[in-house]
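Enquirer: What follows is a single structure, and I will ask about it in a moment.
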Amino acid sequence: MNLRRVLVVVQFSIAMIMLICTWVVYGQLKYLRSKDLGFNQEQVITMNVDGNNVGSSILAYTDELRKNSRILSVSTANTVPGGNINFSLLSVESKNGYVDKGIDNYNIDENYINTLGIKVIRGRNFTGLADTLHSIIVNESMAKTFGWAEPLGKRVKFPGDTSGRYLEVVGVVKDFHQKSLYNPIAPLLLRYQRNTNNIQAKLQPGDISGTLASMENAWKILFPELPFQYTFLDQDFDSQYAADKKRGKIFTIFSVLTIVITCLGLLGLIAFITQQRQKEISIRKIMGAGTPQLVSLVTRNFVFLVGISCLIAFPVAWYFMNKWLNIFPYNTGLKPMIFVYAALTVLAITLLTVISHTVRAALSNPTRNLRTE
């Protein structure tokens, strides 16, 4: 293989690697934004009451919100998906007795599960004040982690507590992403508590600004010293990927620039190589070769070079993209069609360029070309 063909193979390989990497990164970022999180975050706003001894005001405020027909559900909790979460050492019942293990946990009221659209798959939701002493709800991952074939009735204690107190599972919720998709779903324990400082409200689609205005009016009456501040749960949860989105945009821009530069170099190299065969094309035309035969003669060499480039580009792109995707517990994987599309794209650009130059050479006056040569 001469130097020119080596350069063509290098250009092909670079273009394919950049195409594959760009599509993999774009696909993974799109997957992160579209994956089912296990809860409904649309039109849910959260408000944090920053103060002490405000439980009665929070109760009055949530009651006021429930009177608003444009608000579907109102709840309170220590935190929401994407927020800070407690991590406590607990003694958990298992098939091998009680084992001490750190468990994610926080407090919610009886309306929280409904507000966020979390599914209860075993047992029941919290029902009210009767649940304050012992009742807990866990997720599927906790039941699996501790080998609970029948989770309902299983108990959790506090290590070193000799008072005999315990927490008992009354319900199991379907796994949902409490943390970002950079983290696998971990065992989670939910305890019952009313009127915590974080308020969630599920709004009807439509007149969001009007609903927020009425919520603010009620806020100013009950919390006159606190500013009315809120965030939309979907935007708040999505903000965890802000850095990745920025990196993805930068990577895409540089990838596009690299591909464009590579393609321009590739086009110039193909044009040069095709021009070098001008004399051969003219002689073959004089000998009776038709345009289709001439096009086939020139393009098959480039198709062969594209094939060689695939053998180089595919393993390199697979190695780096597989390593990058393994950072994410939930990822799209490396789909074979991405590699096929990259190869077909490079092949299409190559064939269009080669065919256009070959046809132009084939249709030109062979006598003049030979005289020039």
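Enquirer: Please find, among Ile108, Ile121, the residue that is aliphatic (A, V, I, L, M), in contact with a Leu (Cβ under 8 Å, 6 or more places away or on another chain), in the same structural domain as Ile185 (by TED's automatic domain parsing) and under 28 Å from Lys202 (Cβ atoms).
Expert: Going through Ile108, Ile121 in turn, the sole match is Ile108.
Enquirer: Which condition breaks for Asp238 when tested against (1) in a strand (DSSP E or B); (2) of a type outside the set (Gly, Ala, Ser); (3) at pLDDT below 90?
Expert: Just one mismatch for Asp238, condition (1).
Enquirer: Could you tell me which residue of region 162-183 is surrounded by the most Cβ atoms within 10 Å (Cβ to Cβ), considering only residues that are touching a strand residue (DSSP E or B) at 6+ places or on another chain (Cβ under 8 Å) and under 17 Å from Glu93 (Cα atoms)?
Expert: Ranking the candidates gives Val169 first.
Enquirer: Can I ask one more? Among the residues of region 191-214, is any surrounded by fewer than 16 Cβ atoms within 10 Å (Cβ to Cβ), under 21 Å from the mean Cα position of the chain (by Cα) and either of a type outside the set (Lys, Arg) or modelled with pLDDT under 95 (or both)?
Expert: no
Yes/no per residue for (1) part of a loop (DSSP other than H, G, I, E, B); (2) buried (at least 19 other Cβ atoms within 10 Å of the Cβ); (3) hydrophobic (A, V, I, L, M, F, W, C):
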residue: Ile121; (1), (2), (3): no, no, yes
residue: Ala143; (1), (2), (3): no, yes, yes
residue: Glu150; (1), (2), (3): yes, no, no
residue: Val156; (1), (2), (3): no, yes, yes
residue: Pro159; (1), (2), (3): yes, no, no
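Enquirer: Looking at (1) surrounded by 18 or more Cβ atoms within 10 Å (Cβ to Cβ); (2) in the same structural domain as Val120 (by TED's automatic domain parsing); (3) closer than 21 Å to Phe126 by Cα, can you tell me which one Gly82 breaks?
Expert: Every condition holds for Gly82 apart from (3).
Enquirer: Pairs, please: C-beta under 7 Å, at least 6 apart or cross-chain, first residue closer than 19 Å to Leu344 by Cα and in a helix (DSSP H, G or I) and in region 287-311, second among the aromatic types (Phe, Trp, Tyr) and modelled with pLDDT of 65 or more?
Expert: These pairs meet every condition: Leu305/Phe12; Val306/Phe12; Ser309/Phe12.
The values are calculated or read from the model by the stated rules, or taken from the named source; none is laboratory data. In this text, all values refer to a predicted model and were calculated from it rather than measured experimentally. Every residue, glycine as well, gets a Cβ built from its backbone with ideal geometry; the counts of neighbours run over all protein chains shown.
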